[in-house]
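First the structure, in the form of structure tokens, and then the observations on it.
Every number here is computed from the coordinates shown, using simple stated rules; none is lab data. Predicted, not measured: the structure shown is a model, and the values here were computed from it. Cβ: placed from backbone, ideal geometry, glycine included. Neighbour counts: every protein chain shown.
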Amino acid sequence: MAGKEAKLPGTYLKGDEMYKLPGLVEHRPEAKYSFAAGQAVSRFLEGLKEGRILGKRCPRCGRVYVPPRSYCEYCFAPTGEWVEVSGEGEVNTAVVSYISTFRERLEEPEIVGVIRLYAPGYTGKEDEYEFPGLFHKLCGVTPEDVMSGRVIGMKVRPRWKPVERRIGSITDIECFEPAEG
Amino acid sequence: MVVARPNIHVKNRVAIVGAGLTLFRRRMLETPRELAWEAARMALEQAGLTLRDIDCVVIGSAPDAFDGVHMKGEYLADGAGGLGRPTVRVYVGGGTGVFVPIAAWWHVASGLCRSVLAVAEEKMSPAHPHPQGVFAYIWDPILERPLGPNLIWIFALEMRRYMYKCNVDKKTIAKVSVKNKRNALDHPAAQAAANITVEDVLKSEVLVWPVQRLDISPVSDGAGALVMVSENEARRVTDSPVWVEGVGWTLDNTHWYNRDLAYPRYVNYAARMAYKMAGIERPWKEIDVAEPYDPFDYKELHHIEGLMLARRCEAPKLLEEGWFERDGELPTSPSGGLLGVGNPIAAAGIMKVAEIFWQLRYEAGARQVKKPVHKGVAQAWGDLMQAGTVIVLGN
């Protein structure tokens, strides 16, 4: 198909034209879900309630899975023993969000990141492709820390919610904060 | 992980003989199946065939939640020419658009069908106020959704990691957006074609730093289609078939935060599979034109590296040298890509395959790359940084 001169089918509507269409139907799906966390992650969530971060080790290849899996994805065998990690780790990547889930502007930007957790058998070397880790909020760091790159590689640890407010959720960890100081 | 050993003992060689597209626009009057029909009709017309000549139909569309219609394969079937025929819908998130011709390929290569109509459609406009809300459901309900994520987070996290690991700044990455939106000025379907500058990108609304408004492709409605046939059929209908020389696809896990996002391993595995089938040993030399998936500007660079068209972390440097321009050594996204033409998800992937098809037939008009072309590659990516789909074409 040649260049710009080709005429393609399709009728563009401006925003207000769409809302004035005859017979426009508005519908909001009514659907509510309850998700079971499964064998491995249920135990992990129990651990969070106790202020512990639990993983599982594959007895064949030695991979440590945090969050835990019931089976090793690579060996396709059941993972064996539970291992507890300290919760300390390094920031692998981090960003500053100015928008909500539904793309509304946030008053205060939010910083979130991937935390590579320290675990036995993992060197934390840069060329490690897989690693135990969590996706979470970061606190005690500024947007400038993210933009300058200072935050990457920063040593962090979990800031736990007070025991009485923990419910067995990923949010029992309030955020990860700098481990120094 | 192991790279799959493709079965090269195929029954039929497969050619693309026609392609069709609708306009890509933020919202359109046509229903999803009307869009599918328009694209399918054009592809058949270009191939000089009618629906009667088609044995099987492959449909691709991304999450049902965008169109707001479940069973989208069945819903689209009549518009895609699928009634009374073996018809299937495939889906691998954003990777779907390239996966549709891959699935069509095995329909023909296996000897099951002589001719396939491959149709990809997406209508994102029904979900409002913004389709962003629909993306909330791709996140893990237990470990991710409670954190209130926005889809752009994951791209920003990946972009930040890539910038760190490869020591690239936003100024360089913005040049992809500038290039692709400019290329799209010559594309008849284009929704977001523009002459912009690096400064425009850097001054656009910051959504999730480092991602700004002009780093991202738009939300779109649109459809695309290809006619793919066996060698015998191809010889009958055209003097310039474009051959599918290799296909590859792989999935990684959904645990994206347990992997280093700086390099797309899944794209690389898919590329190796496709190159092996195509007998390509040095893709950076043997590929003449490429359409790497560019829903975000950094992703084009990321995918260029995954496709081994540049060494790791070398794509930004080559970009600066003009390597990927239409008159460059290895033009990428000469169509204008998702950044310029638009991103009706599945349709955007097939648009990229259609572009390589037109480039290899020297039919791309003002978009035709300067160098002679023999082999091209199109690629798409999908889901939680995990799906890679690759197709290698030759003339």
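Dipole size of the protein assembly as shown about its Cα centre, with +1 on Lys/Arg Cβ and -1 on Asp/Glu Cβ: approximately 740 debye, rounded to the nearest 20.
Taking chain B as a Gaussian network, Cα atoms linked when under 10 Å apart, which of B:Glu122, B:Glu233, B:Glu144 shows the biggest mean-square fluctuation? Answer for the Gaussian network model of chain B: B:Glu144. Of all the options B:Arg311, B:Arg26, B:Arg89, the one that moves most in a Gaussian network model of chain B with Cα springs shorter than 10 angstrom is B:Arg311.
Using the Cβ-Cβ distance between B:His128 and B:Arg52 with R0 = 51 Å, the FRET efficiency computed as 1/(1 + (r/R0)^6) comes to roughly 0.80. Between B:Ile59 and B:Val88, B:Arg89, B:Val90, B:Val119, the built amide H atoms are under 5 Å apart, and every one of these is 5 or more places off in sequence or on another chain. Cα gyration tensor of the protein assembly as shown, axes a ≥ b ≥ c as square roots of the eigenvalues: rounded (a/c below 1.5), prolate (a/b > b/c) or oblate? The shape class here is prolate. Less than 5 angstrom separates the built amide H of B:Ala387 from those of B:Asp252, B:Gly382, all sequence-distant by 5 or more or on a different chain. Each label point was placed 7 Å from the Cα along the Cα-to-Cβ direction; for A:Cys61 and B:Thr197 their separation is 5.0 nm.
Applied to the stretch B:31-42, the Karplus parametrisation 6.51 cos²θ - 1.76 cosθ + 1.60 on θ = phi - 60° returns per-residue 3J(HN,Hα) values of 6, x, 6, 5, 4, 4, 5, 4, 5, 5, 4, 5 Hz, with x for Gly and Pro. Converting phi to 3J(HN,Hα) with the Karplus coefficients 6.51, -1.76 and 1.60 and the offset θ = phi - 60°, the stretch B:206-222 yields 7, 9, 9, 4, x, 8, 10, 3, 7, 7, 10, 6, x, 7, 9, 10, x Hz in sequence order, with x at every glycine or proline.
Residues of the stretch B:355-395 falling in the label zone of B:Thr254, defined by backbone nitrogen less than 11 Å from a point 7 Å along Cα to beta-carbon, are B:384. Considering only A:Leu13, B:Val390, B:His107, and ranking their Cα positions along the charge dipole of the protein assembly as shown that arises from unit charges at the beta-carbon of Lys, Arg, Asp and Glu, the one farthest toward the positive end is B:His107.
Think of each Lys and Arg Cβ as +1 and each Asp and Glu Cβ as -1; about the Cα centre, that makes the dipole of chain B roughly 560 debye.
Extension gain, A:Glu144-A:Tyr74: 0.36 nm per intervening residue step, less the Cα-Cα distance, totals 21.3 nm. Each principal axis of the Cα cloud of chain A was evaluated for its coordinate range; sorted largest first, these ranges are 61, 47, 41 Å. Legend: ranking of residues B:Tyr362, A:Tyr118, B:Tyr275, B:Tyr293 from fewest to most surrounding C-beta atoms inside 10 Å; resulting order B:Tyr362, A:Tyr118, B:Tyr275, B:Tyr293.
Residues in the stretch B:25-60 near a label at A:Met18, defined as backbone nitrogen under 15 Å from the 7 Å Cα→Cβ point? The answer is B:25-32, whose backbone nitrogens lie closer than 15 Å to the label point. Label-to-label distance for A:Val163 and A:Lys49 is 1.4 nm, based on points extended 7 Å past Cα in the beta-carbon direction.
Can you tell me the dipole magnitude for the stretch A:38-178 around its Cα centre, using point charges on the Cβ only (Lys, Arg +1; Asp, Glu -1), in Debye to the nearest 20? If you can, show how the numbers build up before the last one.
Numbers: 20 positive and 21 negative charges, 89 e Å.
That gives the stretch A:38-178 a dipole magnitude of about 420 debye.
Along the axis of the charge dipole computed for the protein assembly as shown (Cβ charges of +1 for Lys and Arg, -1 for Asp and Glu, origin at the Cα centre), the listed residues A:Thr93, B:Tyr298, A:Leu54 are led at the positive end by A:Leu54.
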